[in-house]
Amino acid sequence: MNFLFVFSVAVIFFLLAGIRVIFEYKRALKFRFGKYIGILQPGFRWIIPIVETISIVDIRVITINIDSQEVMTQDNVPCSIDGVVFFQINDPEKAVLEVEEYKFAISQLAQAALRDVCGKVELDTILSKREEMGKNIKTIVEKETQVWGIVIIDVKIKDIQLPENMRRMMANQAEAERSRRARIILATAEEQAAESLLAAGKLIDKSPSAIKLRLYQTLANIASEKNSTILFPFPEEVLPRKPKEED
């Protein structure tokens, strides 16, 4: 009786020890005595304890950071650049059997590719064409990871750190550019105003009444300040007039 009870308990524990639940977003590689047998699909699964083992692989999109890399650009400007890699395991079997620690391997590949790509271009290209730089890095990395059953979805450059003196120079350059544009706009405005004043002056000269109205308007503007006195030593009518041209 005691033997049957102990045996029953041992069998129950043996069966329970082999129960595995695999989530929908994961796959399990089954090994028997270290030899690869196959892939277990999501759901309730059972393996032989001790004899069989499994290795779980996540097939969702995985994100890893590219550590900040010290890069010397083509125009000899030192800068620190970091980024992020988005990848997905397409073939769990190759991801486990073909490479050890695929996350670490992808991280190292991405770092080397980032230094290689950014070191071949000038700083202005890196700052203005981040998307293009990311695509070039992706092309280099995915050539190596295809044999691992891993698909590189995208590579993004996150941050570019420049030396303090370079930041000051770029700020001075931007300020000088804004000042140049402001001066051009001001000069254009002065030119347009001069042309308008010249046209208005020619038009006013053709009519004595217009000159008089313009004079009164100017006096009214001066008087509105209430801080000056205007004196007329003689009436405006006695001022010399330009004789009319005969037809």
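The values are calculated or read from the model by the stated rules, or taken from the named source; none is laboratory data. Not measured: the values here are computed from a predicted model. Virtual Cβ from ideal backbone geometry, glycine too; neighbours counted across all protein chains shown. Calculation scope for accessible area: heavy atoms of the full protein, side chains included, ligands and nucleic acids excluded. Shrake-Rupley method; radii C 1.70, N 1.55, O 1.52, S 1.80 Å.
Before moving on, here are some points about what is shown:
- Residue in the stretch 90-97 that is farther than 30 Å from Met169 by Cα, touching an Asp or Glu at 6+ places or on another chain (Cβ under 7 Å) and open to solvent by 20 Å² or more (accessible area, probe 1.4 Å) present: no
- Long-range neighbours under 6 Å by Cβ, at least six apart or interchain, first residue more than 8 Å from Arg45 (Cβ to Cβ) within the stretch 18-31, second aliphatic (A, V, I, L, M) and outside any loop (DSSP other than H, G, I, E, B): Lys26/Ile56; Arg27/Ile39; Arg27/Val57; Leu29/Ile39; Leu29/Val96; Lys30/Ile37; Lys30/Leu40; Lys30/Ile54
- Matching option when the condition is in contact with a Gly (Cβ under 8 Å, 6 or more places away or on another chain) and not polar (S, T, N, Q), among Ile12, Ile22: Ile22
- Among the candidates Phe44, Phe87, residue that is open to solvent by less than 50 Å² (accessible area, probe 1.4 Å), aromatic (Phe, Trp, Tyr) and touching a residue at least 12 places away in the same chain (Cβ under 8 Å): Phe87
- Qualifying residue in the stretch 71-87 (condition: of a type in the set (Ser, Thr, Tyr) and over 21 Å from the mean Cα position of the chain (by Cα)): no
- Here Arg60 meets each of (1) assigned to a loop (DSSP other than H, G, I, E, B); (2) in contact (Cβ under 8 Å) with a residue 40 or more places away in the chain; (3) charged (D, E, K, R); (4) within 27 Å of Gly149 (Cβ to Cβ) with one exception, condition (2).
Okay, residues lined up against (1) at pLDDT 75 or above; (2) open to solvent by less than 60 Å² (accessible area, probe 1.4 Å); (3) on the phi > 0 side of the Ramachandran plot:
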residue: Gln173; (1), (2), (3): no, no, no
residue: Arg180; (1), (2), (3): yes, no, no
residue: Ile185; (1), (2), (3): yes, no, no
residue: Glu190; (1), (2), (3): yes, no, no
residue: Asp205; (1), (2), (3): no, no, no
residue: Ala210; (1), (2), (3): no, yes, no
residue: Leu213; (1), (2), (3): no, no, no
residue: Asn221; (1), (2), (3): no, no, no
residue: Lys226; (1), (2), (3): no, no, yes
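- Scanning the stretch 147-165 for residues that are at negative phi, touching a helix residue (DSSP H, G or I) at 6+ places or on another chain (Cβ under 8 Å) and not basic (Lys, Arg) yields Val147, Trp148, Ile150, Val151, Ile152, Asp154, Val155, Ile157, Ile160, Leu162.
- Matching residues, the stretch 69-84, being without any contact (Cβ under 8 Å) to a residue 60 or more places away in the chain and loosely packed, with under 15 Cβ neighbours inside 10 Å: Glu70, Met72, Gln74, Asp75, Asn76
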